[in-house]
Amino acid sequence: MDMVLIFLLLATVAPFMFMNLKKVTLAVIQTILLVGMWVYYFQALFVEAPAVLSFPWLMFYLGLILSEVAWVMMIINVVHSTTEYRKNYE
């Protein structure tokens, strides 16, 4: 469960990264998916893991995928902005 918590924390930051990248619709979708992710986590922690292809299960894994997209987009943006900064500096 510790690894799931780490993924949840990384996914919780994703809407803010989407907002920084000016992708408001993706930020809203990720925020909605975060609710399902936290429901899945608490249900798995205190009751039992939700069934495969149930609503919390789908929201959890879709949220993980979308948060990965956010992190990749942010990394690309950071790398791209540093090369632009370097060009302007020279």
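The values are calculated or read from the model by the stated rules, or taken from the named source; none is laboratory data. Not measured: the values here are computed from a predicted model. Every residue, glycine among them, receives a Cβ derived from its backbone with ideal geometry; neighbour counts consider all protein chains shown. The accessibility values were calculated without ligands, DNA or RNA, using every heavy atom of the protein model including side chains. Shrake-Rupley method; radii C 1.70, N 1.55, O 1.52, S 1.80 Å.
Rounded to the nearest Hz, the phi-derived 3J(HN,Hα) couplings of region 70-80 under the Karplus curve 6.51 cos²θ - 1.76 cosθ + 1.60 (θ = phi - 60°) are 4, 5, 5, 5, 5, 5, 4, 5, 5, 5, 5, where x marks glycine and proline. Radius of gyration (Cα atoms) of region 50-90, expressed as a multiple of 2.2 N^0.38 Å: 1.93.
Packing order of peptides 13-20, 49-56, highest average first: 13-20, 49-56 (average count of other Cβ atoms within 10 Å over each peptide's residues).
What FRET efficiency, computed as 1/(1 + (r/R0)^6) with R0 = 25 Å and r the Cβ-Cβ distance, is obtained for residue 5 and residue 32, rounded to the nearest 0.05? It would help to have the intermediate numbers written out before the result.
Details: r = 20 Å, r/R0 = 0.81.
Computed FRET efficiency for residue 5 and residue 32 comes out at 0.80.
Label separation (residue 58 vs residue 81): 3.5 nm, computed from points 7 Å beyond Cα along the C-beta direction.
Taking amide H as placed 1.01 Å from N in the peptide plane, the amide H of residue 21 sits under 5 Å from none that are at least 5 places away or on another chain. At the listed q of 0.23 Å⁻¹, the Debye profile of region 28-74, built from one uniform point per Cα, gives log10 I(q)/I(0) equal to -0.74. Listed values for region 20-27 are Karplus-derived 3J(HN,Hα) couplings in whole Hz (6.51 cos²θ - 1.76 cosθ + 1.60, θ = phi - 60°), namely 5, 8, 6, 10, 5, 5, 5, 5, and x replaces Gly and Pro.
Computed over the chain, the Cα gyration tensor eigenvalues convert (square root of 5λ each) into semi-axes of 32, 12, 9 Å, ordered from largest to smallest. Per-atom-type breakdown for the chain gives carbon and sulfur 73% of the accessible area (1.4 Å probe, protein chains only). For the peptides 68-80, 31-43, the ranking by packing is 31-43, 68-80, with the highest mean count of neighbouring Cβ atoms within 10 Å listed first. Taking 7 Å steps out from each Cα toward its Cβ at residue 71 and residue 13 produces label points 0.9 nm apart.
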